[in-house]
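The structure appears right after this line, and notes come after that.
The values are calculated or read from the model by the stated rules, or taken from the named source; none is laboratory data. Every value quoted in this text rests on a predicted model; they were computed, and no experiment measured them. Neighbour counts are summed over all protein chains in view; Cβ atoms, including those assigned to glycine, are modelled from backbone coordinates with ideal geometry.
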Amino acid sequence: MKTGANQQELERLMELARKAAENSYSPYSKFRVGAALRLTNGETVTGTNVENVSYGLTICAERAALVRAVSQFGPGVRIAAVAVANLNGTASPPCGACRQVLAEFIEPEAAVVFPAADATRTMSFSELLPLGTEMKLK
Ligand code: THU
């Protein structure tokens with residue numbers, strides 16, 4: 001079951017993600033990505049990808065948004081829904097690294113909406129990263 005936002009909210013979140021992608025710093029890949037997070041406190045935070053000449057230091061849009069959310073609202077932030085968009089007209093589901101980082105702060109049933117190969121898809125976070133929120137250190 002997907003929760004965290006109704007269809008209208010998800011569309012609004014997609015629009016914010018698209019807008020965030022306009023700020024993309026992607027001179028190397030030219031792949032312009034935006035992400036928008038709906039938090040359980042009702043706030044919305046966006047991010048975009050920020051690349052680097054040392055390619056591996058690139059920060060994806062999803063992680064940029066997450067770091068911004070924690071910086072603004074503190075370590076207790078919880079993510080209720082995520083939207084990802086790109087301005088290149090192709091698929092961009094959150095990468096594996098972003099899924100793992102989101103897992104730390106996201107509700108397992110949070111809706112994640114993203115451009116897939118065929119159409120815009122919405123999946124729950126636990127479908128995207130099974131058991132992702134279960135890892136605990138003792
Ligand atoms: N990128 C994201 O920002 N998010 C994704 O979900 C996929 C990839 C960025 C990283 C890099 O700047 C560019 O897209 C190409 O991989």
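General remarks:
- Output for segment 90-123, where each listed residue is within 13 Å of the ligand (Cβ to nearest atom) and either of a type in the set (V, I, T) or in contact with a helix residue (DSSP H, G or I) (Cβ under 6 Å, 6 or more places away or on another chain) (or both): T90, P94, C98, R99, V101, V112, V113
- Note on segment 10-36: residues that are within 13 Å of the ligand (Cβ to nearest atom) and of a type in the set (A, V, I, L, M) total 6.
- In summary, strands (runs of 3 or more DSSP E) completely within segment 67-138 and bearing 2 or more residues that are within 13 Å of the chain's Cα centre (by Cα) and surrounded by fewer than 20 Cβ atoms within 10 Å (Cβ to Cβ) occur at 120-124.
- Flag not set for R63, criterion: modelled with pLDDT of 95 or more, more than 16 Å from the ligand (Cβ to nearest atom) and within 10 Å of the chain's Cα centre (by Cα).
- Long-range neighbours under 6 Å by Cβ, at least six apart or interchain, first residue closer than 25 Å to G76 by Cα within segment 107-124, second basic (K, R): A111/K2; S124/K2
- Meets criteria (assigned to a loop (DSSP other than H, G, I, E, B), within 15 Å of the ligand (Cβ to nearest atom), over 23 Å from E127 (Cβ atoms) and aliphatic (A, V, I, L, M)) for V53: yes
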